[in-house]
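The values are calculated or read from the model by the stated rules, or taken from the named source; none is laboratory data. From a predicted model like this one, the values you see are computed outputs, not experimental measurements. Counting neighbours? That spans all protein chains shown, and the Cβs are built from the backbone with ideal geometry, glycine included. To get the accessible areas, we keep the full protein, side chains included, count just its heavy atoms, and leave off ligands, DNA and RNA. Shrake-Rupley method; radii C 1.70, N 1.55, O 1.52, S 1.80 Å.
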Protein chains: 2
Amino acid sequence: RTYAKEHMADMVRDLSEFCALPSMAGQPQGLNDAAAWVARSLEDCGLSVRRLESGGPTVIQAQRLRPGRPTVLFYNHYDVQPPGDEDAWRFPPFEPRQHGRRLYARGAVDNKGALVARLWALRAWRELYGELPLGVRFVVEGEEEIGSPHLPALLQEHGPLFQADGCIWEAGGVGAQARPLLYLGMKGVLYVELEARGTAQALHSSWGTVAPNPAWRLLWAISSLKSPDEDILIEGFYDTVDGPSREDIRQVQELPFDQEALLEAWQVPGFLAGLSGAMFLLAHFYAPSCNLDSFQSGQVEHIHTALPNVARAHLDFRLVPDQQPEEILDLLRRHLEEQDFADIVVRPLGPALRPFRTPLEHPFVQAVVEATRTVFHPRPAIFPTSGGSGPMYLFGQDLGLPVVSLGVGHLEDNVHGADENVRLVDLERGVAHVAAIMERLAQGPAQ
Amino acid sequence: RTYAKEHMADMVRDLSEFCALPSMAGQPQGLNDAAAWVARSLEDCGLSVRRLESGGPTVIQAQRLRPGRPTVLFYNHYDVQPPGDEDAWRFPPFEPRQHGRRLYARGAVDNKGALVARLWALRAWRELYGELPLGVRFVVEGEEEIGSPHLPALLQEHGPLFQADGCIWEAGGVGAQARPLLYLGMKGVLYVELEARGTAQALHSSWGTVAPNPAWRLLWAISSLKSPDEDILIEGFYDTVDGPSREDIRQVQELPFDQEALLEAWQVPGFLAGLSGAMFLLAHFYAPSCNLDSFQSGQVEHIHTALPNVARAHLDFRLVPDQQPEEILDLLRRHLEEQDFADIVVRPLGPALRPFRTPLEHPFVQAVVEATRTVFHPRPAIFPTSGGSGPMYLFGQDLGLPVVSLGVGHLEDNVHGADENVRLVDLERGVAHVAAIMERLAQGPAQ
């Protein structure tokens, strides 16, 4: 950590250079430049680098193994979210600017900041102690923000290049009272469009007596999927759901949760279905959801009656182990047919992502927790899963690795929003955190 | 009719002058000019004119009474629908153009053409026979296309100025095989917006586990209003509905109905709930409807999961005697409360219009039918109601007049669309039709 403090100016310069590259979907030059930057930096840290292609932006694989010692795999990504409304930014999103003890830029936390902290942990170790204490591997992809569509095929082809004793995922940080946040899983997601069609053109609304109305059809179809008491009615939907263990329930009660602050931020009188306290957390982490993202038919901005001729809606299902998105899609289609809604067309949108969770009791998790406690004063908050979805299952389930996610975020980092920023103190602690993890993992699993 | 044929050039000039005035909502100059044009023309026909004000555009009342003889009231309007997409028009909508045996302009049929045919019937009668055979009154308003919001108050104040033995309404024409179309009623309408609100801002969709989603709330609330078998579930909704009589059912079976042509035009495999033939017509004319005009929440054009914070929908109820829109609004609100949807805000949109029907058996109807048969070769098709809604109830129900609607439309008149046009032959027949009605009504009611 002292090393990180002393080299902070270099680290900020490094991260600024990286964040200046607009590496987002639809910007091939920015993605190429960022991939090259990552490859060069990993080589500088003494790793041997492979550039892997599978149809999307180049995936960077890098490694420096220590035969006879454990190996840790770091997962990161060099692509970023689009900046959104640039006028909402204090500083231009791709012109990184240090202001106070923060660096503002798109990607400053997600995920360039997290990767730079890891790179500097390697540098620090090598400068201070020489050879790394264990084998390290990196996988840095360029499509995380759009659902990693090419990663499954790439891992099928090059699986052995990602083998390790455990994987450190890309996202995390510190919460209230500087408590470090660790995540042991991700939700799966199935995202679909439903469409109903009626007459060739919209009609005068008086034909509502006799003409089919696709808005009604779609509304009835969707209302058959979930009841107002939040019970998902698709037959078989819950069949494979793995509930929380006793230990999970105990652990959830130790998680930080400022209920009043959340109600205030959302400006709602209460949560869904009267949830509160530990029940809120259990529902959020262990229950799958069926969210209605959007519904569009006719023109609600017009004061003019009409009978619409098309209706569309988007739904996303957030899934928990062991729900598979492909199976849920089949169940959804079967449900609609059986409920006399065979006229509703179902189209998957974006790649389906599977859920994954590493058990809290896994020795790898315990080792990471021990390392975390040597760096941070407050006890870590260990979340069974993040609310989001990602390709964690490819490593966790398909390659069989235990996974813990951690990073350099903080409560006001505005990840995915305007004014994304990283605190220098979190970069500094991030270097120390990764170094401590390497040191601890080198000693083998916790007993 | 010979007179009309000989004076067609004058009549087209007259109608062109009238149609050149852009008399639509939001164009006070166009509305004023049109009101002045109507007043002047009625004075030219020998009627005494009153300009009535009640907060909207001037309502023109005109009359020439014959003490001891029956009186007929003609209802028309000088406002028109906006032209919509002007690029879709062959000729500019407010630059009337004769092309072949048609005149193209916004308002050419609805409702300026119908009014001009009536004016020329008065002129023809006076030139050919001298004094009119019965008392005539006109009411020509300027807000029909936006629901006649100021007409109820005006009729309350000036009711006696509109008293008559019967009323000829503004719209009608000829259908397939030049069959004249008469309408004896209009539907009522209640048009409402429903709104649900959730969190202060839209959220990441993973919060679907615990955060209220207004799109779901609104969807469930609306699905509670009507079942997929088209049964409206609002308690009390059907209580006052007056079904068709035996004579109505017999009459409906004589109405023209080209089922295959309609399925082809709509490009649907079948009608709602398997309706066909006379059942289709009975449902369309005698059943109330609950139409979902629009539903909007989130952004269906984006491939990006989110939990929306607001949802809105528009619904319209087309009502039949004796359903009152104010009562239906109360029933709707009570239903939502009782079904645990008190969070849904209901807002009426536009003026509520009541339903009205004149019984087929009414002597006034029979007299108009007899007059129609002297002018048109095919038997008239007598519709118990039009699908649309208007202020007919103010005259029919509040003033107690029998009402028949007829006009100068045809199958390709594109009323409310681009290229609205009137055929000169329909203007010609329109003059003869009105003259025949005056002649017949002067003899007193049918026996």
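Which residue, of A:436, A:432, is open to solvent by less than 30 Å² (accessible area, probe 1.4 Å), within 30 Å of residue A:95 (Cα to Cα) and more than 23 Å from the chain's Cα centre (by Cα)?
Answer to the selection: A:432.
List the strands (runs of 3 or more DSSP E) that sit entirely inside the stretch B:21-136 and contain at least 2 residues that are open to solvent by less than 50 Å² (accessible area, probe 1.4 Å).
B:48-52, B:59-64, B:71-77, B:102-104
Output the residues belonging to the stretch A:346-377 that are at pLDDT below 95 and surrounded by fewer than 16 Cβ atoms within 10 Å (Cβ to Cβ).
Once the filter is applied, which keeps residues that are at pLDDT below 95 and surrounded by fewer than 16 Cβ atoms within 10 Å (Cβ to Cβ), the stretch A:346-377 yields A:359, A:361, A:377.
So which residues in the stretch A:267-285 are touching a residue at least 12 places away in the same chain (Cβ under 8 Å) and either farther than 20 Å from residue A:384 by Cβ or more than 7 Å from chain B (Cβ to nearest Cβ) (or both), if there are any at all?
Selection gives A:273, A:276, A:277, A:278, A:281, A:282, A:285.
State which residue pairs qualify: first residue among the acidic types (Asp, Glu) and inside the stretch A:247-263, second residue open to solvent by 60 Å² or more (accessible area, probe 1.4 Å) in any location, beta carbons under 8 Å apart, and separation of 6 or more residues or different chains.
A:247/A:361
Which one of these is out of contact with any Leu (no Cβ under 6 Å at 6 or more places or on another chain) and buried (at least 19 other Cβ atoms within 10 Å of the Cβ): B:144, B:157?
B:144
Open to solvent by 10 Å² or more (accessible area, probe 1.4 Å) and at the interface with chain B (Cβ under 10 Å from one of its Cβ atoms), is that true of residue A:288?
Yes.
Test of understanding: among A:311, A:306, which residue is facing chain B (nearest Cβ under 9 Å), in contact with a strand residue (DSSP E or B) (Cβ under 7 Å, 6 or more places away or on another chain), open to solvent by 10 Å² or more (accessible area, probe 1.4 Å) and among the hydrophobic types (A, V, I, L, M, F, W, C)?
Only one candidate qualifies: A:306.
Would you pick out the residues in the stretch B:205-225 that are assigned to a loop (DSSP other than H, G, I, E, B), within 7 Å of another protein chain (Cβ to nearest Cβ) and in contact (Cβ under 8 Å) with a residue 60 or more places away in the chain?
Result: B:211, B:213.
Looking only at the stretch B:122-172, which residues are under 27 Å from residue A:302 (Cα atoms) and polar (S, T, N, Q)?
B:148
When you go through A:80, A:136, A:116 one by one, which is the residue that is β-branched (Val, Ile, Thr), over 17 Å from residue A:39 (Cβ atoms) and at pLDDT 95 or above?
Only one candidate qualifies: A:80.
Here is a check on your reading of the model: is residue A:249 β-branched (Val, Ile, Thr) and more than 7 Å from chain B (Cβ to nearest Cβ)?
For residue A:249, the condition - β-branched (Val, Ile, Thr) and more than 7 Å from chain B (Cβ to nearest Cβ) - is met.
Test residue A:244 against the criterion of being buried (at least 17 other Cβ atoms within 10 Å of the Cβ), farther than 30 Å from residue B:225 by Cβ and modelled with pLDDT under 95, and give yes or no.
Judged against the criteria, residue A:244 is a match.
Just for strands (runs of 3 or more DSSP E) wholly inside the stretch A:368-447: which have at least 2 residues that are under 17 Å from residue A:136 (Cβ atoms)?
In the stretch A:368-447, the matching strands (runs of 3 or more DSSP E) lie at A:403-405.
With respect to residue B:177, is the statement that it is open to solvent by 40 Å² or more (accessible area, probe 1.4 Å) and part of a loop (DSSP other than H, G, I, E, B) true?
For residue B:177, the condition - open to solvent by 40 Å² or more (accessible area, probe 1.4 Å) and part of a loop (DSSP other than H, G, I, E, B) - is not met.
Condition first: closer than 30 Å to residue B:274 by Cβ, more than 10 Å from every other protein chain (Cβ to nearest Cβ) and crowded, with 17+ Cβ neighbours inside 10 Å. Can you find one or more residues in the stretch A:226-240 that meet it?
So far as the stretch A:226-240 goes, yes, one or more of its residues are closer than 30 Å to residue B:274 by Cβ, more than 10 Å from every other protein chain (Cβ to nearest Cβ) and crowded, with 17+ Cβ neighbours inside 10 Å.
Residue A:4 fails exactly one of the following numbered conditions: (1) open to solvent by 40 Å² or more (accessible area, probe 1.4 Å); (2) of a type outside the set (Phe, Trp, Tyr); (3) in a helix (DSSP H, G or I). What is the number of that condition?
Residue A:4 satisfies all of (1) open to solvent by 40 Å² or more (accessible area, probe 1.4 Å); (2) of a type outside the set (Phe, Trp, Tyr); (3) in a helix (DSSP H, G or I) except (1).
Do you know which residues across the stretch B:182-204 are more than 16 Å from residue B:305 (Cβ to Cβ), part of a loop (DSSP other than H, G, I, E, B) and more than 7 Å from chain A (Cβ to nearest Cβ)?
Once the filter is applied, which keeps residues that are more than 16 Å from residue B:305 (Cβ to Cβ), part of a loop (DSSP other than H, G, I, E, B) and more than 7 Å from chain A (Cβ to nearest Cβ), the stretch B:182-204 yields only B:184.
What is the residue count in the stretch B:378-396 for residues that are within 16 Å of the chain's Cα centre (by Cα) and either surrounded by fewer than 17 Cβ atoms within 10 Å (Cβ to Cβ) or of a type in the set (Phe, Trp, Tyr) (or both)?
3
Any chance you could count how many residues in the stretch B:195-219 are open to solvent by 10 Å² or more (accessible area, probe 1.4 Å) and of a type in the set (A, V, I, L, M, F, W, C)?
Going through the stretch B:195-219 one residue at a time, the tally reaches 4.
Restricting the search to the stretch B:324-338, which residues are within 14 Å of another protein chain (Cβ to nearest Cβ) and crowded, with 18+ Cβ neighbours inside 10 Å?
B:325, B:336
When you check residue B:249 against the structure, is it at pLDDT 95 or above and either farther than 28 Å from residue B:359 by Cα or hydrophobic (A, V, I, L, M, F, W, C) (or both), yes or no?
no
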